[in-house]
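Have a look at the structure below, then the notes.
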Amino acid sequence: MNISFTKKHYIGIASVFSILAVWKMLALYFDSSFIVPHPEETLLTVIRLIGSKDFLHVAGATVMRGIIGFFISAILGLGVGIIAGVSQGINAFVNPILITIRSTPVISLILLALIWFSSGMVPVFIAMLTMFPFICTNVVDGIKSVDKDLIEMARFYKVGRSKIITGLYIPAIMPFIISGASSAMGIGWRAIIIGEVLSQPRYGIGTTMQSAQTFLNVDVVIAWTLIAVLISYVFEKIIRWSEHKIVIWK
Amino acid sequence: MGLEVKDLTKSYNGIDIYRDFNLSFPEGTITCILGPSGCGKTTLLNIIGGITTPERGKLIGFEGKSFSYIFQEARLLPWKSVQGNIEFVMSSELSVHERHEQASSFIRLVDLEGFAGYYPSQLSGGMRQRVSIARAFACPSDIILMDEPLKGLDLPLKQSMIRWFSQIWKADRRTVIFVTHDVDEALLLGKEIIVLSRPPVQVVTHEEIEELPESRSLENDMFKSLKHVLVNALEA
């Protein structure tokens, strides 16, 4: 495979190295792995954690919560978004609800969810509430942005309603759905891990991070953070890859 | 039986665009409606196509007729290929195979064979408009309505578009109603040329050209004098 490294890539690599350099300097300055562990130690911890027998249970539980939360919010977001996009009245009704959900502090939602749900369900509920408004708003924006000339053309040609929906509306809003899914996923992972820290389900990255923090295993906390970043990155790549496969006309 | 618009009345914001307006269109020919910008030519097309309802008046001979449209912009779906765009407007009653075959044959007629799988963003403006011509003909309509489809194109491109159009048109001689404000376009394409006035719209003049579109030349003396007549009528 031929990879051409542009200036942008070099600057990106330089940025990562500068973070590592600052991290290393802080580690040298504090000289205590209870405060700032060395980057190379942390990297070894990442490898050790990935190789451990519990890794799949811990990371798998968090990923499953993310996927379940995402699918529920995608279905709800699409459904509500399509109805609100088509009807101005319903949009006016839904909008304040979306704004309220979006501006409610995640911690308030978690505290309430802890009362209402079992510990494993709390992160899923939080993920759903944080992701749903993004997907819904993007679907509404997508529907509003559908080219009126194309709709007029389809009506002039007396194209059937179902063909207009599947052949015109859905492809037109697809880029908006993907972009909404991407933002939702980005924010969703963070919400899930906070939810796990506070609700302490049996398995989960947040649960493990919380116990590591209790025992001042700072390297383990940072290592799980890096793993969470990696998971988020992989999902972002999957979404971008599917965008590339679905939105081929651009 | 001919096609006729009878006693048409339509107003916008209290201004009468049409007041007891009458016009007839011979079937199987290209009728070109020439008029100044904003005189209500598009409104007339929309009334004929059933998109706009007039306050009063009758459409005679248009009942049960189906329409194809060629707009000023190609209006192609960006996510569908050339082939997909043409098949999109074709009746669902046709089988997938029939739709494919018919669309392909019209793509060949506008000389875009080999571009059937291309997306609109991969085509030039002229090629996109050729797709919209192929789409209008591939749709088995009775009448093709054209709303200034050549606006914004330079003269050589206009002439080549007219060549493509008349080449396909010759095959089935469908009724075409074509509105424009450009005298050259009317001279190059119309068999019947009707010049409309500003609102309330009246027919200023009605000319007829027997020569087939592909053999017309604007340099020809007959066309030069006809152009003079039409320009004067437009400015009247």
Give the residues of segment B:52-86 that are over 17 Å from residue B:127 (Cα atoms) and either in a helix (DSSP H, G or I) or away from every other protein chain (no Cβ under 14 Å) (or both), sorted by residue number. B:53, B:54, B:55, B:56, B:57, B:58, B:59, B:60, B:61, B:62, B:63
Residue match in segment A:117-132 (condition: under 30 Å from residue B:78 (Cα atoms) and of a type outside the set (Asp, Glu)): yes
Does segment B:109-150 hold any residues that are surrounded by fewer than 16 Cβ atoms within 10 Å (Cβ to Cβ), closer than 16 Å to residue B:169 by Cβ and at pLDDT 90 or above, and which are they? B:142
Regarding segment A:200-208, can at least one residue be identified that is among the hydroxyl-bearing types (Ser, Thr, Tyr), under 30 Å from residue B:136 (Cβ atoms) and either within 14 Å of chain B (Cβ to nearest Cβ) or crowded, with 19+ Cβ neighbours inside 10 Å (or both)? no
Taking segment A:114-161 on its own, how many of its residues are within 14 Å of another protein chain (Cβ to nearest Cβ) and either in contact (Cβ under 8 Å) with a residue 12 or more places away in the chain or surrounded by fewer than 16 Cβ atoms within 10 Å (Cβ to Cβ) (or both)? 14
For segment B:143-184, how many residues are in contact with a Cys (Cβ under 8 Å, 6 or more places away or on another chain) and closer than 12 Å to residue B:129 by Cα? 0
So residue A:238 passes all but one of these: (1) closer than 24 Å to residue A:69 by Cβ; (2) of a type in the set (A, V, I, L, M, F, W, C); (3) buried (at least 16 other Cβ atoms within 10 Å of the Cβ). Which condition number does it fail? (3)
May I ask you to verify whether residue A:28 is out of contact with any Phe, Trp or Tyr (no Cβ under 8 Å at 6 or more places or on another chain), closer than 20 Å to residue A:232 by Cα, at pLDDT 90 or above and not aromatic (Phe, Trp, Tyr)? no
Yes or no: residue B:33 modelled with pLDDT of 90 or more and β-branched (Val, Ile, Thr)? yes
Within segment B:1-24, restricting to residues that are basic (Lys, Arg) and surrounded by 15 or more Cβ atoms within 10 Å (Cβ to Cβ), the one that is farthest from residue B:64 (Cα to Cα) is B:19
Answer yes or no as to whether residue B:93 is acidic (Asp, Glu) and more than 14 Å from chain A (Cβ to nearest Cβ). no
Pull up segment A:66-84, narrow it to residues that are within 14 Å of residue A:173 (Cα to Cα) and among the small types (Gly, Ala, Ser), then point me to the one that is nearest to the chain's Cα centre (by Cα). A:74
Name the residue that is farthest from the other protein chains (Cβ to nearest Cβ), counting only residues in segment B:24-51 that are polar (S, T, N, Q) and closer than 20 Å to residue B:150 by Cα. B:29
If a residue must be in contact with a Phe, Trp or Tyr (Cβ under 7 Å, 6 or more places away or on another chain) and either loosely packed, with under 15 Cβ neighbours inside 10 Å or aliphatic (A, V, I, L, M) (or both), how many such residues does segment A:64-78 contain? 1
Checking A:243, A:236 in turn, the sole residue that is farther than 30 Å from residue A:115 by Cα, within 16 Å of the chain's Cα centre (by Cα) and within 14 Å of chain B (Cβ to nearest Cβ) turns out to be A:243
Before we move on, is residue B:10 farther than 27 Å from residue B:128 by Cβ and at pLDDT 90 or above? yes
Strands (runs of 3 or more DSSP E) enclosed by segment B:103-221 - at least 1 residues per element that are away from every other protein chain (no Cβ under 14 Å): B:175-180, B:192-196, B:203-208
Residue A:24 part of a helix (DSSP H, G or I) and of a type in the set (D, E, K, R): yes
Select, from B:73, B:55, B:113, the only residue that is over 18 Å from the mean Cα position of the chain (by Cα) and not assigned by TED's automatic domain parsing to the domain that holds residue B:196. B:113
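The values are calculated or read from the model by the stated rules, or taken from the named source; none is laboratory data. A quick note: this is a predicted structure, and the numbers were derived from the prediction, not measured. Glycine gets a Cβ as well: all are built from the backbone with ideal geometry, and neighbour counts include every protein chain shown.
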